[in-house]
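Worksheet: the structure to be examined is printed underneath.
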Amino acid sequence: ENGKNDFPIEAITERLRGTSKSIIFTSDDIEMLLEHRYGKAETLTALMLLYPQLDFNNKFHIDHMYPKSKFTKKILRSKGVDPELIGEYMEQVNNIANLQLLAAIPNIEKQNEDFDIWFKKTYPTEPEKIEYRVVNYLPDMEYLYANFLEFTDKRRRLIRKRFEDLLL
């Protein structure tokens with residue numbers, strides 16, 4: 001009777017702390033999760049942590065919110081992006097802060113549509129916009145190309161907060 005709840009989790013945690021087998025998350029681990037990029041196997045796992053409500057029996061794609069295909073010098077310049085920032089834009093396009101899990105069909109329908117246009121068309125009412133922002137950790141702002149770096153910075157903070165709530 002007495003020993004039923006005596007599983008030594010604290011002792012195990014302490015024994016594994018600092019080893020490659022640690023079972024606790026630290027703020028450094030969260031920073032590592034935030035460094036995941038498109039094309040890396042672990043990125044899907046990190047995104048799945050952010051979307052526990054999804055039924056993963058269905059097919060989901062990792063979607064670039066701001067479409068990757070638009071991140072060329074020519075197109076970004078035509079969208080009014082400061083030429084001095086284009087390199088940074090191209091560096092950030094595959095960052096987890098520009099990625100979401102999207103069901104396969106909506107992702108195919110979205111294709112290379114600019115995010116601000118797709119967002120307004122797909123979520124026309126204010127309640128729909130608010131719900132989408134909450135579910136996808138989006139800052140409430142204009143999703144213009146000129147705001148891309150601000151968007152990824154703010155969204156990264158929202159994602160960090162969610163990882164901290166889940167894992168720390």
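Tell me, in nm to one decimal, what length is gained between residue 167 and residue 72 on full extension, where the rule is 0.36 nm per residue of separation less the Cα-Cα distance?
Extra length from residue 167 to residue 72 when fully extended: 30.5 nm.
Strictly over 23 Å apart at the Cα level, which of 70/154; 120/161; 68/120; 59/79; 79/120; 74/129 would you flag in this model?
120/161; 59/79; 74/129
Residue 64: net charge of surrounding residues, Cβ under 12 Å, Lys/Arg +1, Asp/Glu -1, itself excluded?
+1
At q = 0.08, 0.13 Å⁻¹, what log₁₀ I(q)/I(0) does the chain have when each alpha carbon counts as one equal point scatterer in the Debye sum?
-0.31, -0.71
Net charge near residue 152: determine it from the other residues with C-beta under 11 Å of the C-beta of residue 152, scoring Lys and Arg +1 and Asp and Glu -1.
0
May I ask you to order 58-66, 124-132, 94-102 by the average number of other C-beta atoms within 10 Å around their residues, highest value first?
In descending order of packing, they fall as 94-102, 58-66, 124-132.
Taking only the Cα atoms of region 18-108, how large is their convex hull per residue, in Å³?
137 Å³
At 7 Å along Cα-to-Cβ for each site, give me the label-to-label distance between residue 117 and residue 141 in nm.
Calculated label separation equals 2.2 nm.
Kindly give the semi-axes, whole Å and largest first, of the ellipsoid equivalent to region 70-133, taking each as the square root of 5 times a Cα gyration tensor eigenvalue.
With the √(5λ) rule applied to region 70-133, the semi-axes are 25, 14, 12 Å.
In region 118-150, which residues have a backbone nitrogen under 11 Å from the label point lying 7 Å from residue 109's Cα in the Cα-to-Cβ direction?
122-123
Tell me the angle of helix 126-135 to the major Cα principal axis of the chain, expressed in degrees between 0 and 90 and rounded to the nearest ten.
In the chain, helix 126-135 runs at an angle near 40 degrees to the longest axis.
Quick note: the coordinates plus some simple rules give every number you see, no bench work behind them. Quantities reported herein were computed from a predicted structural model and do not represent experimental measurements. Every residue, glycine as well, gets a Cβ built from its backbone with ideal geometry; the counts of neighbours run over all protein chains shown.
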